[in-house]
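Trainee: I am attaching a structure below and will ask some questions about it afterwards.
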Amino acid sequence: MHDMSAHAHVAHPAPPTSFIRKYIFSLDHKVIGKQYYGLALVAVLVGMFLSWLMRIHLGWTNLAIPGLHLLSSNGAPGNVMTPEFYLQLMTMHATIMVFFVLTTAPFAGFGNFFLPIQVGAEDMPFPRFNMMSFWVTFVAFVVLVSSFFVGDGPTLGGWTQYAPLSAVGSVAGPGEGTGVVLWATSIALFCVGQLLGALNFITTTLDMRTRGMSLWRLPLSAWAWFITSCMGLAAFAVLMPACILLILDHVAGTSFFVPSNLVISDQVQPHSGGSTLLWQHLFWFFGHPEVYVAIVPGMGIISHVLITSMRKPLLSHRVVVYSMGALAVLSYMVYGHHMFVSGMNPISSLAFSFPTLIITIPSTILVLIWLGSLYGARLRITSASLFALGFVSMFISGGVSGFFLAQPSVDIMLHATYFVVGHFHMVMGVAAMFGIFAGTYFWFPKMFGRMMNETLGKIHFWCSFVGTYCIFMPFHYLGMAGNVRRYQAFVNDYTQPLIPLHRFITVAALFTGAAQLIFVYNLIHSRFWGKPAPDNPWQATSLEWSTPSTPPPHNNFGDKLPEVYHDPYQYGVKSSVGDYVMQASPEQVETAQGEA
């Protein structure tokens, strides 16, 4: 089976010489990976800034925020945020973070750079598709942000854009006309970019593996990117036409998502025959797999990092792969739990509740393998390994609350509260971000040829770890106290006692956000002035550490593709180089575990 995966050696095109072809419209997967990472970095700074504005407003509702009026001509009279502008900021924050950060960085960024190298290929099979995927995604981001500067601002319908609010036009509120059209156009373009990328990733994994690289010899990070590509191919193919239908409801007079005889502001809307729930079905058929599109790459990355730091394989390589695959399959069977409050039949609720509980099984298996593998390990404490452990912690803490939300009777009470906000921020947002940080600290030397500052990295970890727990654990308490999410002010008697807690969360959010500036400084400073990196600073075994130079050359491996002789994680052995043996090394050693 090892030799069946070998592909013919195809001469890689000569490296481009012009600046535009080398750094802008590049066909090199490594440059495209860096472009995706740079886009995600810009997006996360924008999204974090918007969250700061929201948190300041929630803590001190009538506070005038200097310069706020520059973001909206109508949403901040006297620099005081209006309720509508708060919802607009919330919508943009969520959309930017979910699509342009949590999907872009761990999957498209790291995946583009390292997947071809980890399988032993010179490049992606469709480099022009790869270039198109980034630039379409970039245009999608520009279109989304442009909604701040047109008409009455961005949409206020949330990242889910529930109909009929999102489908009836400007009569529904500020930004619900042009703002929704720009939002839907942006997300449709984003889907095109991700579909192009998914095709490349799948073909690279199946057809571009070097000699000796069987599927079971792929690193777990490569498996995660492959599984995520398969999920994305189905999920984004559903969301894209849904966005097109939403645009048609706005500009072509169709009624896909607007029912007949709908009255808004004492006006009967000129629509007939549509279904408001149709949008929810289409969106959440994408939306729940999107959760795993964001988190599965992180699972693969932190597994890859932890194994290198532990100097021993995980308890079972194959079970980790099977578990990630099970998450991908089950993610399409549980989307209805987002719709428990939509009035669905109780039998349907039960049908979605059961697989929602089942999907916790592969997640639990992954956690047990990570924790069990740590037992007896000689763990090397680095910034990357700390963020990998932080990922596990956040995934457990955020995931436990999912058990409550899987029960329709409990979810109906908690669905519209901060409990859900705390759950998905921890398990999807912070955990995925920790996976991005772990990958950054681990792979930065190979990407840029320089080392990041480990002291700053560890300070960044502890500030982020403590800060995120201070922000999002209290959200669960707020939810159980009945604090409804999306409210921009707390005027009810029962919410008044919760304001001090909101102010504590706001201070924690400002502190944690400021800690990310340490990371940005470390990233930029190390890029230009960091210590030169050796070819294999972590004494790792997979193929990205076997390239002839750091960063890798244009064709990754020089004139000859590597041949793979071992599984990806041969640690704890006696070899000529130490306690490990490289995948591409023909040296034969005795291993504690049988090879795949």
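Trainee: With an 8 Å cut-off on Cα pairs and a minimum separation of 6 or more residues, tell me the relative contact order of the chain in percent. Before the final figure, lay out the partial values.
Mentor: Details: 1032 pairs, mean separation 90.7, N = 596.
Taking the mean separation of contacting Cα pairs over the length of the chain, I get 15 percent.
Trainee: For a test of the definition: using alpha carbon positions, the gyration tensor, and the 1.5 limit on a/c, classify region 349-388 as rounded, prolate or oblate.
Mentor: oblate
Trainee: State the Cα centre-to-centre distance between region 520-545 and region 435-449 in whole Å.
Mentor: 7
Trainee: Right, another one. Find the centroid of the Cα atoms in region 219-246 and in region 298-320, then give the distance between the two in whole Å.
Mentor: 24
Trainee: Let me ask something additional. ³J(HN,Hα) across region 424-436 via Karplus (A = 6.51, B = -1.76, C = 1.60, θ = phi - 60°), whole Hz, x for Gly/Pro?
Mentor: For region 424-436, the Karplus curve yields 7, 5, 6, 7, 9, x, 5, 4, 5, 5, 5, x, 5 Hz.
Trainee: For labels at residue 454 and residue 403 in the simple 7 Å Cα→Cβ model, what's the distance in nm?
Mentor: Label at residue 454, label at residue 403, 3.8 nm between them.
Trainee: Percent of alpha carbon pairs in region 317-362 separated by more than 16 Å?
Mentor: Of the Cα pairs, 40 percent sit more than 16 Å apart.
Trainee: Give me the one-decimal Kirkwood hydrodynamic radius in Å for the chain, with the sum taken over alpha-carbon pairs.
Mentor: The Cα-based Kirkwood calculation yields 24.9 Å.
Trainee: Run the simple label-point estimate for residue 344 and residue 216 please: 7 Å along Cα→C-beta, distance reported in nm.
Mentor: 3.8
Trainee: Let me ask something else about it. For a quick check of understanding: with a 1.4 angstrom probe and all protein chains in place, what accessible area in square angstrom does residue 24 have, to the nearest ten?
Mentor: Probe radius 1.4 Å; accessible area of residue 24 about 50 Å².
Trainee: State the Kirkwood hydrodynamic radius of region 389-491 in Å, one decimal place, computed from all pairs of distinct Cα atoms.
Mentor: 15.1
Trainee: Continuing with this model, one more query. Using only C-alpha positions, report the orientation-averaged shadow area of the convex hull of region 194-265, nm², one decimal.
Mentor: Spelled out: convex hull of the Cα atoms, projected over all directions, averaged, 7.3 nm².
Trainee: Run the reach check for residue 22 against lysines, Cα to Cα strictly under 27 Å, same-chain hits fewer than 8 apart removed. What comes back?
Mentor: 30, 34, 446, 531, 560
Trainee: I need the shape label for region 123-224. Rule: rounded when a/c is under 1.5, else prolate if a/b > b/c, else oblate, with a, b, c from the alpha carbon gyration tensor.
Mentor: Note, shape of region 123-224 comes out prolate.
Trainee: On average over all directions, what projected area in square nanometres does region 330-456 have, based on the convex hull of its Cα atoms?
Mentor: The number I arrive at for region 330-456 is 9.7 nm².
Trainee: Give me the Kirkwood hydrodynamic radius of region 469-520, using the inverse of the mean 1/r over all pairs of distinct Cα atoms, in Å to one decimal.
Mentor: 12.0
Trainee: Please list, in order along region 172-185, the HN-Hα scalar couplings obtained from phi with the Karplus expression 6.51 cos²θ - 1.76 cosθ + 1.60 (θ = phi - 60°), rounded to whole Hz, x for Gly and Pro.
Mentor: 7, x, x, x, 7, x, 4, x, 5, 4, 5, 4, 5, 5
Trainee: Share of Cα-Cα pairs in region 474-596 beyond 16 Å, in percent?
Mentor: Pairs farther apart than 16 Å: 75 percent.
Trainee: With just the Cα atoms defining each centre, how far is region 268-284 from region 148-178? Give it in Å.
Mentor: Region 268-284 and region 148-178 have Cα centres separated by 15 Å.
The values are calculated or read from the model by the stated rules, or taken from the named source; none is laboratory data. As the structure is a prediction and not an experimental result, all values here were calculated from the model. A quick note on method: Cβ atoms are made from the backbone with ideal geometry, for glycine too, and the neighbour counts reach across all protein chains shown. Heads up: the accessible areas ignore ligands, DNA and RNA and are worked out on the full protein's heavy atoms, side chains in. Shrake-Rupley method; radii C 1.70, N 1.55, O 1.52, S 1.80 Å.
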